[in-house]
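All remarks here apply to the structure that follows.
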Amino acid sequence: MSDTIGELSAVELSAAIRGKKISAREALADHLDRIAEVNPVINAVVTLDADGAQALAHRADQLTASGADLPPLHGLPMTHKDTNNTAGMRTTQGSLALRDFVPDADDLIIARLKAAGVVSTGKTNVPEFGAGSHTFNALFGTTTNPYAPTLSAGGSSGGVAAVVASRIQSIGDGSDMGGSLRIPASFCNVVGFRPSTAVIPMPSDVNAFAWLGRTGPMARSVEDIALFMSVTAGKDPRVPHPEGLDPEVFRSSTETDMRGVRIGWSRDFGIGVPVEPEIVEHLERQLSVFEELGAIVEEATPDFSEADLVFGNTRAMDFAAGLGPLLARAGDVIKPEVHWNVEKGFALTARDLIETAAARTRLERGIQDFFGRYDLFASPCAQVLPFDAALRYPLDVAGVPSETYLDWMRSACLLSATGLPVLSVPAGFSSSGLPIGLQLASNHYTDMQLLRYGHAFEQRTRYAAVAPVVKAEPVTTASA
């Protein structure tokens, strides 16, 4: 069994541990062995507490032996994204400014994972403060792609995507403001899920009403995504948002009947978003999977004409509110892209904020008009294939120059601006063997139905089962 532990899904591994077929210590040993084997190549795990994890696994096995009721993720080893605070374990957010920061308390998503039985083992790499969809920083260097270790793993949850793809662990926690769960999922052939607003609450001392950023899961199967959501979703009194979804919803079946489901597909979001031609051509061939399942696929898109404005200004405001004070204290060691975003936020005027609110209102009207006619929106997840890890970001997309570090992420940012739940599912490989993801979105708070649609595609295609072959020889990676 030890030779196959890394291939098991979270559903399978948790069942094996609960059924006493595998001990928590055996699962941890496989996890640590896999880190030792592949992390020198991909540089995904940046903090590791093996001794602390051994103690947690030992206690998990004692609980198993006691005959007590076991939590849903009992004994599962898991590293955590380094932007999510972990009590007693350093959380750097990939920044020299926080290189020695050790939080006193867990972020809510981490606390809920621990309560569900997870054995926390360490932290995974991120871009500095999660800014950008390529994982590099001056503190830990660059995380690379398990399928092509000289190329980007995406970001900002690039470390999470890389450990899940590499079979280090079956599921992991991430976050997503402008595609940080979806683009690395696309790059690394895994599933990334951005839930609806406050389905996994994000308490904040700065802005409890913030809506653009989300926390969520990555996994190699939609079924594991649902399992993760079942233990992390649920309202929190510190977040004054709508109740969202009861976590019990995510314990229901992932099966669905696609017959008659209406899908709107767009290659460029109706506003000329550049996407590499091979990605578009490949995904358009993949749409036949839905048609074979009985769905109706048509070219159609919501009106995204004001989504760039909504995303750009909201992101800038959130960056200024969250990172402005830190930049004032330690800005000399923080990367220029973060400075640019914070400065843009502080430059916003009252007129800008009024226009943003009005544009978001019109965007929402267009979204509801679309979902009055369609059940699902399908689009390219990433505009480019995984690129040279030595770059800060792609210099152009399909021949269109990138003016900022966000331009190549618009395919994800536009959907972030809508607030909708969005799923990236593995959709096959390019002619050069690089992963390509399909992005699916449904209406607000239809999160579980969206997972069912993704599950139907996944069951027919099984692309995530294609594991990377990570070579033992380390590669030299760039740093910020």
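Tabulated data
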{"read-out": "Options Ala44, Gly454, Ser230, ranked by Cα towards positive dipole end of the chain, top entry (Cβ charges)", "value": "Ser230"}
{"read-out": "Net charge dipole size for the stretch 120-246 [Lys, Arg +1 and Asp, Glu -1 on Cβ; Debye, nearest 20]", "value": "240"}
{"read-out": "Relative contact order of the stretch 1-93, pairs being alpha-carbon contacts under 8 Å that are 6 or more residues apart, as %", "value": "34"}
{"read-out": "Charge-dipole axis of the chain as Lys and Arg at +1 and Asp and Glu at -1 on Cβ define it, positive-most pick from Gly216, Gln383, Val289", "value": "Gly216"}
{"read-out": "Cβ-placed point charges (K, R +1; D, E -1), dipole of the stretch 363-480 about Cα centre in debye, nearest 20", "value": "300"}
{"read-out": "Span-like helix ranges in the chain, DSSP H, alpha carbon extent 20 angstrom or more, Kyte mean at least 0.5", "value": "307-330"}
{"read-out": "For the chain, with +1 on Lys and Arg beta carbons and -1 on Asp and Glu, the positive-most of Gln54, Val163, Gly132 along the dipole", "value": "Gln54"}
{"read-out": "Cα→Cβ-extended label distance, 7 Å offset, between Asp396 and Arg259, nm", "value": "5.0"}
{"read-out": "Peptide ranges 230-241, 322-333 listed from the most packed, as the mean C-beta count within 10 angstrom indicates", "value": "230-241, 322-333"}
{"read-out": "Listed residues Met89, Met229 arranged by accessible area, highest first, probe 1.4 Å", "value": "Met89, Met229"}
{"read-out": "Total formal charge among the other residues, if their Cβ is under 13 angstrom from that of Thr356, Lys/Arg +1 and Asp/Glu -1", "value": "-1"}
{"read-out": "Fraction of the pair-distance distribution of the stretch 184-278 above 19 Å, Cα-Cα pairs, percent", "value": "58"}
{"read-out": "27 Å Cα-Cα threshold exceeded, pairs from Lys123/Lys335; Lys81/Lys335; Lys20/Lys81; Lys114/Lys335", "value": "Lys20/Lys81; Lys114/Lys335"}
{"read-out": "Virtual paramagnetic centre 7 Å along Cα→Cβ of Asp51, amide N under 14 Å, in the stretch 77-120", "value": "none"}
{"read-out": "Electrostatic dipole magnitude of the chain [Cβ: Lys, Arg +1; Asp, Glu -1; Cα centre; debye, to 20]", "value": "540"}
{"read-out": "Listed peptides 380-388, 247-255, 183-191 by packing density, highest first (mean Cβ within 10 Å)", "value": "183-191, 380-388, 247-255"}
{"read-out": "For the stretch 71-178, alpha-carbon Rg relative to the globular expectation (2.2 N^0.38 Å, N residues)", "value": "1.02"}
{"read-out": "Distance between modelled label sites at Thr404 and Thr461, nm, 7 Å Cα→Cβ extension", "value": "3.0"}
{"read-out": "Highest to lowest packing among 408-421, 451-464, 164-177, scored as the average C-beta count within 10 Å", "value": "164-177, 408-421, 451-464"}
{"read-out": "Convex hull (Cα only) mean projected area of the chain, reported in nm² to one decimal", "value": "20.6"}
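The values are calculated or read from the model by the stated rules, or taken from the named source; none is laboratory data. Predicted, not measured: the structure shown is a model, and the values here were computed from it. Neighbour counts are summed over all protein chains in view; Cβ atoms, including those assigned to glycine, are modelled from backbone coordinates with ideal geometry. For the accessible areas, the whole protein counts, side chains as well, though only heavy atoms, and no ligand, DNA or RNA atoms are used. Shrake-Rupley method; radii C 1.70, N 1.55, O 1.52, S 1.80 Å.
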